[in-house]
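The next block holds one structure in the form of structure tokens; read it before the comments.
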Amino acid sequence: MSFAWPLALLSVLVVPLIVGVYWWLLRRRRRQAVRHSNVALLRSVIPRRKRWQRHLPIALVLASLLALGLAAARPHVVRDVPYARTSIILALDVSGSMCSTDVEPNRLVVAQKASRAFVEDQPDEVRMGLVVFSGFAELAVPPTTERSELLSTIDTVTTGRGTAIGGAMLKALDAIAEVNPAVQPVGDAFSLDDTPSPGSGGAPPRPEDYVADIIVLLTDGRNTRGIEPLDAVPHAIERHVRVYTIGFGTTEPAELSCTREQLGGRVFGGGFGGGAGFGGFGGARFADTPTLMAIAEQTGGTYHAAEDADQLREVFAELPKEVATQRQPTEITWMLAALGALLGAAAVAASIRWSPYP
């Protein structure tokens, strides 16, 4: 528990002061009682009360003063924020290597299906957005609670050349900034010379300092364009945004084959499913696991690897559990104030109920 006005805690010192005065009055009353010669007569005129009944009213008063003193200091406790307040930005790699057929029919088709299931499984109150990236990153769907446009866009993404993982992170941060005033936008107008170097973002935020919004980044390769991913990490740390990374695909070289639709109408030879596409082994295209692990670790997220459709679905299914709650401080002044008022009222009631006088 923390306090916004800690100096107000000095008011609780009145409690031990009253205890001391009450104890002194009890001792003084005993000394005065023995001065009367007819003690039996005094006992006959004073109603009999149990010891706890005599002390209960003052105990309730002390508890009331203690609660009100704590309330005056404006206490805060850390609690879990409901998951429904979360905004999720899905950053999806649509580089040409997503046409690899090591995951049948190819990586892009499987990623699209898993992404659709992930979106459909989220509560209606959760805002979701989509960033797609190849040679550059773009915000395809701003954060929204509407699912139809998001699902439609996932179904119709097309591939491009290059992989801009770092740019996708910055674009996702800007998307979060659009709906969360606590997150400052990064913007496009920054110089790479001014970009913080890896590790210069300071210590990671405490768990209770993270915002509820997160980034889920899926890629099958390594960064080839724009800002390096680890150079983008300090921007996420500064904004207290967690990044969950997914490395997709196997380490076995496989033929590249995409449909005409996945290629955006471009034709490079034979494809699958009756469409046009391109084929061949364009060199090894594997996820940069060390970098993805470093991104997740430094930003407070977690890294996941998926080599096939089942594993990818399992990874997406686990993500909501990891971000189901967000811890943040909450003021409980009203609770202690209400408790103090109730205890005060109980003290008055007890005093009236067991008063020695009619």
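The values are calculated or read from the model by the stated rules, or taken from the named source; none is laboratory data. These numbers were taken from a predicted model, which means no experiment stands behind them. Positions of Cβ are backbone-derived with ideal geometry, glycine not excepted, and every protein chain shown enters the neighbour counts. For the accessible areas, the whole protein counts, side chains as well, though only heavy atoms, and no ligand, DNA or RNA atoms are used. Shrake-Rupley method; radii C 1.70, N 1.55, O 1.52, S 1.80 Å.
Screening residue 64 with (1) closer than 30 Å to residue 19 by Cβ; (2) open to solvent by 30 Å² or more (accessible area, probe 1.4 Å); (3) part of a helix (DSSP H, G or I) gives one miss only, at (2).
Conditions tested, residue by residue: (1) farther than 16 Å from residue 263 by Cβ; (2) open to solvent by less than 20 Å² (accessible area, probe 1.4 Å).
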{"site": "87", "(1), (2)": "yes, yes"}
{"site": "91", "(1), (2)": "yes, yes"}
{"site": "108", "(1), (2)": "no, yes"}
{"site": "114", "(1), (2)": "yes, yes"}
{"site": "130", "(1), (2)": "yes, yes"}
{"site": "147", "(1), (2)": "yes, no"}
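One residue stands out in segment 228-252 among those that are under 12 Å from residue 183 (Cβ atoms) and in a loop (DSSP other than H, G, I, E, B): the one that is most open to solvent (accessible area, probe 1.4 Å), namely 240. Would you mind stating whether residue 332 is over 30 Å from residue 64 (Cβ atoms) and at pLDDT 65 or above? Against the criterion (over 30 Å from residue 64 (Cβ atoms) and at pLDDT 65 or above), residue 332 does not qualify.
Looking across segment 253-305, the residues that are modelled with pLDDT under 50, out of contact with any Phe, Trp or Tyr (no Cβ under 9 Å at 6 or more places or on another chain) and open to solvent by less than 60 Å² (accessible area, probe 1.4 Å) come down to 272, 275, 282, 283.
Pairs meeting the criteria (first residue in segment 223-243 and polar (S, T, N, Q), second residue buried (at least 21 other Cβ atoms within 10 Å of the Cβ) and assigned to a helix (DSSP H, G or I), beta carbons under 6 Å, at least 6 apart or on different chains) are 223/165; 223/166; 223/229. Selection of segment 149-179 for residues being open to solvent by less than 10 Å² (accessible area, probe 1.4 Å) and free of Cβ contacts under 8 Å to residues at least 60 places away in the same chain yields only 150. In the set (1) more than 24 Å from residue 243 (Cβ to Cβ); (2) outside any strand (DSSP E or B), residue 119 fails one condition alone, (1).
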